[in-house]
Amino acid sequence: MNKLALDSDPLLSIRALSVSFENRFNATNVLHGIDLDVYVGESIGIVGESGCGKTVTWLAALGLLGHKVRTQGSILFRGSNLLGESQEVLNKVRGKKIAMIFQDPSSCLNPAHKIGSQICESLSLHRNLKGKTAKAEAIRLLNRVHIPNAEMRMDAYPHELSGGMNQRIMIAMALAGEPDLLIADEPTTALDATVQAQIVDLLNEIRKDSNMSMIVISHDLGMIADIAERIVVMYAGRIVETA
């Protein structure tokens, strides 16, 4: 990230974000006043123990926490507050402007549909591409994430591919909307060391080529050190250190 980016307004600005999960009797606070700025082209690593609120912060930003949740504060994306927006407005942000790669690709990809149809669905939803145009773009995205024999893989089902391949498919689907911000939640979990290194190199390559901002959530400090320009440490629902 260059100095000019820091001198400009943040792409995304979180202020005093608090999240509580409610049940019939009480509410449990899980985030306690998160403040964080993300600038254009910046890569931020979010680290902390399980349950500290890393993933919840970004699910809250995208309105994916369900109905029995109370959120307070503000999440400004290009000047517009995402908190409290309607699902119709958030649907135009998710995938198109802010994309998220979830932790387990095998549970996110539909086992009953071919890889090509799932990527083409994203292209149709976010960029209104249809038919041969969508197929050509899907093949380009598979080549972009270094899937060998991309045209042939379009007809494969998720169970026919390895964990590393499925993770690359998830990255391709996230790139389908050409987002400004990519959130990668534990993108190398359950992958062997060699494949982890390949995924890290791929994410670095994509970010530099597109000047896309990136949030990487992980327990792996070695991986975070290879990909992040700034590291945020969370503990018990709070940011305790940034460096």
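Structure summary
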item	result
Hits in the range 15-35 - residues which are of a type in the set (A, V, I, L, M, F, W, C) and touching a strand residue (DSSP E or B) at 6+ places or on another chain (Cβ under 9 Å)	Ala16, Leu17, Val19, Phe21, Ala27, Val30, Leu31, Ile34
Test: residue in the range 145-162 that is closer than 30 Å to Gly51 by Cα and free of Cβ contacts under 8 Å to residues at least 40 places away in the same chain	yes
Entirely in the range 166-243, the strands (runs of 3 or more DSSP E) that have 1 or more residues that are free of Cβ contacts under 8 Å to residues at least 40 places away in the same chain	238-242
Number of the condition not met by Ala134 [criteria: (1) open to solvent by less than 10 Å² (accessible area, probe 1.4 Å); (2) part of a loop (DSSP other than H, G, I, E, B); (3) without any contact (Cβ under 8 Å) to a residue 40 or more places away in the chain]	(2)
Residue satisfying all of: in the range 42-68; surrounded by fewer than 21 Cβ atoms within 10 Å (Cβ to Cβ) and out of contact with any strand residue (DSSP E or B) (no Cβ under 6 Å at 6 or more places or on another chain); nearest to Arg207 (Cα to Cα) among these	Leu59
Among the candidates Lys114, Lys54, Lys132, Lys68, residue that is within 17 Å of the chain's Cα centre (by Cα) and not small (Gly, Ala, Ser)	Lys54
Matching entry among Glu241, Glu178, Glu160 (being farther than 25 Å from Asp37 by Cβ and open to solvent by 70 Å² or more (accessible area, probe 1.4 Å))	Glu160
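The values are calculated or read from the model by the stated rules, or taken from the named source; none is laboratory data. These numbers come from a predicted model, not from an experiment. Neighbour counts are summed over all protein chains in view; Cβ atoms, including those assigned to glycine, are modelled from backbone coordinates with ideal geometry. Ligands, DNA and RNA are stripped out before the accessible areas are found, and what is left, the full protein with its side chains, is counted by its heavy atoms. Shrake-Rupley method; radii C 1.70, N 1.55, O 1.52, S 1.80 Å.
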